[in-house]
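The values are calculated or read from the model by the stated rules, or taken from the named source; none is laboratory data. Keep in mind it's a predicted model, so treat the numbers as computed, not measured. Note: ideal-geometry Cβ built from the backbone for every residue, glycine included; neighbour counts use all protein chains shown. With ligands, DNA and RNA removed, areas are computed over all heavy atoms of the protein, side chains included. Shrake-Rupley method; radii C 1.70, N 1.55, O 1.52, S 1.80 Å.
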Amino acid sequence: MPPKAITVGGIGHRDLEALSELPHVQLCFHRVLTGLARRFPRLKAVSALATGADTVFAQCAKTLSIPLESVIPFADFEADFADPQSHARYHSLRGGAICEHRHNFFERSDRAYKKSMEWIVFRSNVVVAAWDGRHAGSPGGTWEAVSLCEALGKTLIHVDTTNRTLNLRVGRSGRSATFKEVSVDQIMRYL
């Protein structure tokens, strides 16, 4: 029987550098994607490529040669990448994607970002979220995507940016289990 194909989505906060969370998120994303790629040789990643966690996730997937699909929230999304370094990284990731999905929004809006996050969650078997654990945020933000994962019973790997830990949530609300402060090896055993 051929190995199971799964899709992993990456979501999270934008301001990782300002909060010194970047090294922790990079390390966790890399370890989680490495573990998933070993466990599921037909692994595919999906990302909105936005600045912050989305870009870090996509870059880790690219580094590990995991096929990447992207979603572009609105027509002028490229304008979100103002400095030359982030602009070049965005073009490299977008150009390396095996498939690109575009939403029909012309301008930046909460609704455009919300639709992109929903697309990632619906498309994914497993979602990896770099998130501070707060149950608040803007429409289309990380908390909304995490809430959708929970409502749909998606497997969620939480890269806790506040406590610098990994947590795992599996199953639907009411019949779900949450495992706190787990290792990547433990996560792979649960999947």
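With protein chains left intact and a 1.4 Å probe, residues in the chain average 50 Å² of accessible area per residue. Applying 0.36 nm per residue to the separation of A177 and D110 and subtracting their alpha-carbon distance, the gain on full extension is 21.0 nm. For the stretch 153-162, putting each phi into the Karplus relation 6.51 cos²θ - 1.76 cosθ + 1.60 with θ = phi - 60° gives couplings of x, 6, 5, 10, 9, 9, 8, 6, 7, 7 Hz, in residue order, rounded to whole numbers and with x for Gly and Pro.
Counting only residues at least eight positions apart within a chain, or on another chain, the aspartates and glutamates with an alpha carbon under 12 Å from that of K115 are E144. Between H101 and E78, the modelled labels are 2.3 nm apart [label points 7 Å from Cα along Cα→Cβ]. Bridgeable lysines around K180 (alpha carbons under 27 Å apart, same-chain partners fewer than 8 residues away excluded): K4, K44, K154.
List the equivalent ellipsoid semi-axes of the chain in whole Å, largest first, each obtained as the square root of 5λ for an eigenvalue λ of the Cα gyration tensor. Write out the running numbers ahead of the final one.
Details: eigenvalues 114, 68, 56 Å².
Output for the chain: semi-axes of 24, 18, 17 Å.
Around V182, with a cut-off of 12 angstrom between Cβ atoms, what is the net charge of the other residues, counting Lys and Arg +1 and Asp and Glu -1? Provide the component values of the computation, followed by the final result.
On the way: positive: R31, R169, K180, R189; negative: D160, E181, D185.
Charge balance near V182 sits at +1.
Suppose a student asked you for the relative contact order of the stretch 131-191, using Cα pairs under 8 Å spaced at least 6 residues apart; what percent would you report?
The normalised contact order for the stretch 131-191 reaches 24 percent.
Over the chain, Cα pairs under 8 Å with separation of 6+ residues give a relative contact order of 21 percent. Can you give the net charge of the other residues whose Cβ lies under 9 Å from the Cβ of G9, counting K and R as +1 and D and E as -1? Value of the local net charge: +2. Selection among L64, I6, P84 by position relative to the dipole of the chain gives I6 as farthest towards the positive end (Cβ unit charges, Cα centre).
Would you mind working out the magnitude of the charge dipole of the stretch 1-145 relative to its Cα centre, with +1 at each Lys and Arg C-beta and -1 at each Asp and Glu C-beta, to the nearest 20 Debye?
Computed charge dipole of the stretch 1-145: roughly 780 debye.
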